[in-house]
Amino acid sequence: MNEEERQEIKNPLVEPREWPLDPSLTFLNHGSFGACPREILRRQAALRDQMERSPVRFNLTTLPDLCEAARESVAPLLGVDPKNVVFVSNASEGVSTVLKTIEWRAGDEVIISQDSYPACRHMLNALALRHRLLIKVALTPFGGHKWEQQVVEAFEAQVSDRTRLILIDHITSPTALVYPVTELTSLAKQIGAISLIDGAHAPGQLPLALHQLDPDFYVGNAHKWMMTPKSCAMLYVSPRWRAHILPHVISHGYLTQGESRYQALFDWTGTRDYTALACLPDTIKWVNQRCGGFQRLRSRNHRLIQAARDLLVTSLWGGPSPVMPPRTALAQMVAVPLPQPLATYPESALPPSMITAESAASAGRIHPLQRALWSEGFEVPIITTAHGVMLRVSAQAYNTLGEYQRLAETLLTISSSRD
Ligand SMILES: Cc1ncc(COP(=O)(O)O)c(C=O)c1O
């Protein structure tokens, strides 16, 4: 990193006040639900006003054009022709839509990773009960020598002549790892299985060239790393599947004829608030104007997360550090395994201020250390994974290196109070 780059991560790329985030909170968790800039939220409010002033005209004449403009603006960032893209409300809906489109046969096998997103595993488990499928779990590693190859081999080890689908998380949620999607998509092709890539975290964090990658399906959120308002995700469907795919809710588009039927089906799934997707072109313009574009934003945030990782691993582990993934597996988030006593921080150690009705409701679901960090003013997920308890931090334009430094110091204080 040169001096200019070092300086760049010490200061926000865009001032945090441009987001409605609570200024008393150090927000290092862009990954969970994203964060939308104020200016885009104002644009969304204006669109809602327009819709409520003239609901019929808005829905029948304005909305189809807004939807088309959204598709045109996002397609180059996905590396596809706009005609291959439809919108869904979120990645969960996208994955579920694909899984329900497939005509399953009893005995079909699906391969997922042990770091696949829990909600998608639940979807598969529910389908497995109904259609008598077998869900096989690839024991993908967190780090180590030749990590990428080991990930591919973990999937290969689960292949059989009954493998029907491989669910590939582009960036894993609990461990924040960028999986080798090119190799895994090729594996699916080689064995004649369907490839479904869950890219919930990818648009905005990674450059995408879906046309080249050529999966059967790719789902990506815009409301996380592209920073649109909530309820905006894209579903790419390969031309091989376009005639088959149906949205969760079938509406007027069903009667549309020809090539555009697939988009008509998804563009209108009944009356709802479509303003989040209508803000996509403005959000992309905002990132271009305020952050210098996604490429610049990505490389700045990537440098920041690498520096944050080095700092956290060194501070928390002191001596020998845990086995970590290669830097090529990082984008704009990193998961750092927690040493003892932090990993087993107990409920009983929580400060009294956190023993509230809210914390009682979340007890057991949210790690006590995450709640202890709330009381210290930090928003950071603590996640129990197959590889141990992890601290996952994100880097976005409003974050600075000093915030991770303060987090490390706070964790050390918490840790020493447990010794
Ligand atoms: C890998 C993965 N898939 C799916 C989802 C679900 O995304 P959404 O809540 O937008 O449906 C997430 C959310 O973080 C995720 O990380």
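Here, each number is a calculation from the coordinates, and none is a lab measurement. Just so it is clear, the model here is predicted, and its values are computed rather than measured. Reconstructed Cβ throughout: ideal geometry from the backbone, glycine too, with neighbour counts over all protein chains shown.
Some points to look at:
- Neighbour-limited loop hits for GluC sites (Glu not before Pro), region 82-115 (at most 11 other Cβ within 10 Å; DSSP other than H, G, I, E, B): GLU103
- CD proxy at 222 nm, helix term only [per DSSP H run n ≥ 4: -39500 (n - 2.57); per residue of the chain; nearest 500]: -12000 deg cm²/dmol
- Its relative contact order, with pairs defined as Cα atoms under 8 Å and 6+ residues apart, puts the chain at 23 percent.
- Sorting HIS367, HIS30 by the number of Cβ atoms found within 10 Å of their own Cβ, with the fewest placed first, yields HIS367, HIS30.
- Contact order relative to length of region 41-283, as percent, for alpha carbon pairs under 8 angstrom and 6 or more apart: 25 percent
- Remark on the chain: ratio of C-alpha radius of gyration to 2.2 N^0.38 Å is 1.01.
- Between 0 and 90°, nearest 10: helix 38-53 axis offset from the chain longest Cα axis: 30 degrees
- Degrees separating the helix 181-191 axis from the principal Cα axis of the chain, which is the longest one: 50 degrees
- Selection from THR175, VAL95, SER348 lying farthest towards where the dipole of the chain points positive, charges on Cβ: VAL95
- In a reduced charge model with +1 at each Lys and Arg Cβ and -1 at each Asp and Glu Cβ, region 41-283 shows a dipole moment near 540 debye about its Cα centre.
- Loop-located GluC sites (Glu not before Pro) across region 155-259 with a Cβ neighbour count of 12 or fewer within 10 Å are GLU259, with loop assigned by DSSP.
- Rg over Rh, two decimals, region 41-283 (C-alpha only, Kirkwood Rh): 0.99
- Charged side chains reduced to their Cβ positions (Lys and Arg at +1, Asp and Glu at -1) give the chain a dipole of some 480 debye around its Cα centre.
- Over region 1-135, Cα pairs under 8 Å with separation of 6+ residues give a relative contact order of 13 percent.
- Long pairs among LYS136/LYS224; LYS100/LYS136; LYS83/LYS285; LYS189/LYS224, criterion Cα-Cα beyond 24 Å: LYS136/LYS224; LYS189/LYS224
- Net dipole in debye of region 257-404 [+1 Lys, Arg Cβ; -1 Asp, Glu Cβ; about Cα centre; nearest 20]: 500 debye
- Dipole of the chain, positive direction: furthest Cα of THR140, LEU411, GLY79, with charges on the beta-carbon: GLY79
- Counting only alpha carbon atoms, the long axis of helix 118-131 and the longest principal axis of the chain meet at about 50°.
- Among ALA119, ALA138, ALA331, residue whose mean-square fluctuation peaks in a GNM of the chain (springs only between Cα atoms under 10 Å): ALA119
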